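The values are calculated or read from the model by the stated rules, or taken from the named source; none is laboratory data. A quick note: this is a predicted structure, and the numbers were derived from the prediction, not measured. Positions of Cβ are backbone-derived with ideal geometry, glycine not excepted, and every protein chain shown enters the neighbour counts. Surface accessibility is based on the protein's heavy atoms, side chains included, excluding ligands, DNA and RNA. Shrake-Rupley method; radii C 1.70, N 1.55, O 1.52, S 1.80 Å.
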Amino acid sequence: QVQLVESGGGLVQPGGSLRLSCAAPGSIGSIYYTGWYRQAPGNEREFVAEINRGGTTNYAPSVVGRFTISKDNAKNTVYLQMNSLKPEDTAVYYCNVRTLGGAYWGQGTQVTVSS
């Protein structure tokens, strides 16, 4: 079973920064898409950012200019750099990786923005 390992969540004050990581095993195969999603209590899971094999990125309007998604192909790892964090960014963040063999979700990492 493919397991994605997420890390980097935590508690941060408004205006602060965090960097999330999502590492996939080498056996996962060729990755053509990786995305970050988040889910706040009482809300549905929502799209945050995505990056495709070619490096093209896309962001939810609420995070444009504050979040940056990137990847390290050699490490099979995708990152989400989050700056200027706001209380409304508080959620569990999940990575989603897609290959020809299937789509996989990380276990989630909690991000809490509070003073």
Exercise for the section: May I ask you to list the residues in region 76-115 that are within 17 Å of Ile51 (Cβ to Cβ), touching a helix residue (DSSP H, G or I) at 6+ places or on another chain (Cβ under 9 Å) and not in a strand (DSSP E or B)? Expected result: Asn76
Completion exercise
Counted residues in region 19-58 being touching a residue at least 60 places away in the same chain (Cβ under 8 Å) and open to solvent by less than 30 Å² (accessible area, probe 1.4 Å) come to 9
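Does Thr68 meet the test of being open to solvent by 40 Å² or more (accessible area, probe 1.4 Å) and out of contact with any helix residue (DSSP H, G or I) (no Cβ under 9 Å at 6 or more places or on another chain)? Break it down stepwise before answering.
Values: open to solvent by 40 Å² or more (accessible area, probe 1.4 Å): yes; out of contact with any helix residue (DSSP H, G or I) (no Cβ under 9 Å at 6 or more places or on another chain): yes.
Yes, satisfied.
Before we move on, is Gly102 out of contact with any strand residue (DSSP E or B) (no Cβ under 8 Å at 6 or more places or on another chain) and either over 11 Å from Val12 (Cβ atoms) or open to solvent by less than 20 Å² (accessible area, probe 1.4 Å) (or both)? It would help to see each step written out before you state the result.
Numbers: out of contact with any strand residue (DSSP E or B) (no Cβ under 8 Å at 6 or more places or on another chain): yes; either over 11 Å from Val12 (Cβ atoms) or open to solvent by less than 20 Å² (accessible area, probe 1.4 Å) (or both): yes.
Yes; evaluated as a whole, the condition is true for this residue.
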